[in-house]
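Accompanying notes for the structure given below.
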Amino acid sequence: MVMTELIPREASGQLVHLLARAPAVVLTGPRQVGKTTVALEFVREWNGAYLDLEDPRDRAKLTDVHKYCERNANRLVVLDEIHRIPGLFEPLRGIIDRRRREGRRTGHFLLLGSASIDLLQQTGETLAGRVAYCEMQPLNVREAADTDVDDLWNRGGMPDSLLAANDADSFGWRFDFIRTYLERDIPALGPRIPRETLRRFWTMLAHDQGQPFNAAVLARSLGLSGRTVGRYLDLMVDLLLVRRLPSWRKSVRKRLVKAPRAYLRDSGICHALLGIDSFDALLGHPVAGGSWEGFVIENILSGLPAHVSSSYYRSTGGAEIDLVLEFGGGKAWAVEVKRSSAPRVPRGFHTACDDVQPDRRLVVHGGDESYPLRDGIDAVTLGDLCAELGEG
């Protein structure tokens with residue numbers, strides 16, 4: 001499975017819209033997800049200027065930020081790995097404000113970064129009212145429509161992994177990706193965490209894909225405090241490598257599990273951490289069910305606007321909904337995830353729906369067709385559901 005053409009990314013369309021209404025746009029996403037590729041497309045099409053702030057030569061060009069921006073006043077300036085020089089945000093604010101007074105209000109800067117929370121906080125504090133945000137995620141089933149869903153699940157959505165010539169090359173790329181994060185990227189962002197400890201933590205999250213996050217159990221296994229383990233999870237969420245799915249909290253009738261669920265956001269990285277190097281090995285691995293669930297949830301959430309809230313429902317009695325989507329105005333969907341192409345809906349899903357009262361009840365399965373089930377439940381393929389959400 002080798003694709004030679006560049007895959008169009010949904011983030012590109014979002015960026016066009018955001019740059020048309022904001023002076024600066026922040027594009028976040030994990031390393032190697034394709035941010036720079038998309039940004040360079042804008043540089044070519046918009047006659048922009050690109051600086052990689054990990055390159056000392058490009059950093060030197062910003063010794064006088066005002067002079068550089070003045071020379072490129074009529075161009076889109078792309079600053080990659082912007083978190084490397086947080087002191088840039090203050091002069092950028094002054095430049096944006098001056099241009100606003102001159103009547104030039106939009107499309108000045110595209111800022112790229114791999115760490116989400118710190119970058120959003122820095123830009124939010126300094127560039128408040130001047131910046132819009134876009135998160136770029138691994139390839140989803142809409143973007144990789146020409147790829148078999150099982151290949152996308154097995155290899156994950158990182159472009160270099162998905163497009164590798166064979167499974168061995170894909171697995172090797174992901175193994176190197178993990179090592180680079182542990183040896184270079186995370187230390188460069190500041191946290192001083194023993195590499196092997198963080199690898200063990202990351203691997204434990206992969207083993208527990210989709211389980212409620214139990215800091216106490218992980219802490220005992222790692223010989224750390226629960227608070228330290230919680231900080232590790234915060235770091236992985238900040239790096240956009242892990243999704244923290246909160247528990248649904250609206251019930252006053254049921255005792256609910258309150259701990260969030262943790263999912264590695266890219267299924268291919270999850271598999272590499274566990275040494276799963278082929279699709280056959282994946283199907284025989286105990287994590288297959290949890291991995292498929294995380295893969296489905298990540299694909300669903302990648303097509304939703306920011307105002308849609310997501311959570312899971314689980315009562316202490318075992319009633320459960322894998323994903324609750326709330327669209328506003330009281331509208332909610334309940335989503336169950338099953339790998340089987342002939343899914344059976346557990347009793348606990350019906351019990352949970354009695355509490356949540358969703359407008360729509362869905363079971364996402366691993367087959368090729370969508371069809372209605374009993375009791376107002378629709379069995380849908382992941383591709384069909386994501387296509388519907390993408391059109392909404």
Charge tally in the Cβ shell below 11 Å around Asp359, where Lys, Arg are +1 and Asp, Glu are -1, Asp359 excluded: +2
Projected label distance in nm at Ala259 and Ala216, using a 7 Å step from Cα toward the beta-carbon: 0.9
Total charge dipole magnitude, region 207-318, about the Cα centre, Cβ charges on Lys, Arg, Asp, Glu only, Debye to nearest 20: 940
Computed magnitude of the charge dipole of the chain (debye, nearest 20; Cβ of K, R +1, Cβ of D, E -1): 1860
Carbon and sulfur %, accessible surface of region 192-313 computed with the full protein complex present, 1.4 Å: 50
Sparse-neighbour loop sites [trypsin sites (Lys or Arg not before Pro); region 145-202; at most 12 other C-beta within 10 Å; DSSP]: Arg192
Order by protection proxy (mean Cβ within 10 Å, highest first), peptides 49-57, 288-296: 288-296, 49-57
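State in Å² the accessible area per residue of the chain; use a 1.4 Å probe, count heavy atoms of protein chains only, and round to the nearest integer. Walk me through the intermediate numbers first.
Details: 17820 Å² over 392 residues.
Heavy-atom SASA per residue in the chain reads 45 Å².
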In region 91-166, GluC sites (Glu not before Pro) in a DSSP loop with at most 10 other beta-carbon atoms within 10 Å: Glu102
The chain: angle of helix 288-302 to the longest principal axis, Cα-based, in degrees nearest 10: 50
Helical mean residue ellipticity (222 nm; -39500 (n - 2.57) per DSSP H run of 4+; nearest 500) of the chain: -12000 deg cm²/dmol
Pair Tyr68, Thr180: separation of 7 Å Cα→Cβ label points (nm): 2.2
Derived scalar couplings ³J(HN,Hα) [region 363-380; Karplus, 6.51 cos²θ - 1.76 cosθ + 1.60; whole Hz; x for Gly, Pro]: 10, 8, 10, x, x, 10, 10, 9, 7, x, 10, 6, 6, x, 9, 9, 8, 10
Share of carbon and sulfur in the accessible heavy-atom surface of region 61-111 [1.4 Å probe, %]: 45
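The values are calculated or read from the model by the stated rules, or taken from the named source; none is laboratory data. Everything numeric here is computed off the predicted structure, so don't read it as measured data. Using ideal geometry, Cβ is built from the backbone for each residue, glycine included, and neighbour counts are taken over all protein chains shown. Just the protein is used for accessible areas: all its heavy atoms, side chains included, with ligands, DNA and RNA removed. Shrake-Rupley method; radii C 1.70, N 1.55, O 1.52, S 1.80 Å.
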